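To start, the structure itself, in structure tokens.
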Amino acid sequence: LIDANQAENVFDAKGKHVFPAAVDSHFHVGIYRPHSEDAQSESMSALVGGVGTIISYWRTGHHYLNKTGAYKDILPEVMQLSDGNFYTDYCYHIAVMTAAQLDEVEWLVENAGVGSFKFYMFYKALTLSADSTKGSDYTMAENYDLGHLYELMTRVSAIAEKYKDKARISLSLHCENPELIRVFIDRANKQGLTGLKAYSEGRPPLSEKLSVHEAAILADATGCPINLLHLSSRRRFASRN
């Protein structure tokens, strides 16, 4: 046993059950249901599965709270909807969706405790379900494209350098190319494909690989630490370096 005098913090667990628990760092709370309602059911399910901490992705735009604006105004609302509704510990990755929000990156780190950001590469021309080419319907923003990604990377790189001795601040990316997906979904529809076959043919490894290379080139140019999420194809995984 470790003597309590050697510990920085001591927690009295008398009368409580103590379980080891995992951290699920890729979660999406509040997309299709009210945030507070989703937090309750999804965190309860996570806890049953042995997860004690949830790190959920959050963005402005369609779904979630169906609004856009400054995170200084919106994030407190998200935290209020979260308070008392999670059965687990929780925090958030934040997606910077608008040009105005780019100037909030430093504030998000220093005042809101955000350590990880997100960019969805397919939103520049597609919605979440890829049933519309009007990505702006989801983002509620203009110019959510590689130019926006470059600007975001420069800011994340700067704040990551500033706090490099304290924590790793990074940008996570969902890598799919919407222009190619549009073409391949059209081909799948013309072939009469449905179900998982249509989904697989409509989102080929080529679109993932191209986006990985785009992200890597911009990350190299800006010095931005990145995470490539859910690498699902052998071709994309092989190109990660």
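The values are calculated or read from the model by the stated rules, or taken from the named source; none is laboratory data. Since the model is a prediction, treat every value here as computed from it, not as a measurement. Using ideal geometry, Cβ is built from the backbone for each residue, glycine included, and neighbour counts are taken over all protein chains shown.
One table, with the values for the structure above:
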{"read-out": "Enumeration of residues in segment 169-191 that are assigned to a loop (DSSP other than H, G, I, E, B), touching a residue at least 12 places away in the same chain (Cβ under 8 Å) and either under 15 Å from PRO205 (Cβ atoms) or more than 16 Å from the chain's Cα centre (by Cα) (or both)", "value": "CYS175, GLU176, ASN177"}
{"read-out": "Hits in segment 212-241 - residues which are of a type in the set (Gly, Ala, Ser), in a helix (DSSP H, G or I) and modelled with pLDDT under 95", "value": "ALA238"}
{"read-out": "VAL23 being within 30 Å of SER172 (Cβ to Cβ), surrounded by 10 or more Cβ atoms within 10 Å (Cβ to Cβ) and in contact with a helix residue (DSSP H, G or I) (Cβ under 9 Å, 6 or more places away or on another chain)", "value": "no"}
{"read-out": "Residues located in segment 41-54, provided they are in contact (Cβ under 8 Å) with a residue 24 or more places away in the chain and surrounded by 16 or more Cβ atoms within 10 Å (Cβ to Cβ)", "value": "SER43, ALA46, LEU47, VAL51, GLY52, THR53, ILE54"}
{"read-out": "Which listed residue is surrounded by 15 or more Cβ atoms within 10 Å (Cβ to Cβ), closer than 21 Å to HIS26 by Cα and in contact with a Gly (Cβ under 8 Å, 6 or more places away or on another chain), from ILE169, ILE181, ILE94, ILE185", "value": "ILE169"}
{"read-out": "All helices (runs of 4 or more DSSP H) inside segment 28-109 with 2 or more residues being polar (S, T, N, Q) and not assigned by TED's automatic domain parsing to the domain that holds ASN227", "value": "35-48, 71-82"}
{"read-out": "Criterion (among the small types (Gly, Ala, Ser), modelled with pLDDT under 95 and touching a Pro at 6+ places or on another chain (Cβ under 9 Å)) met by exactly one of ALA130, ALA198", "value": "ALA130"}
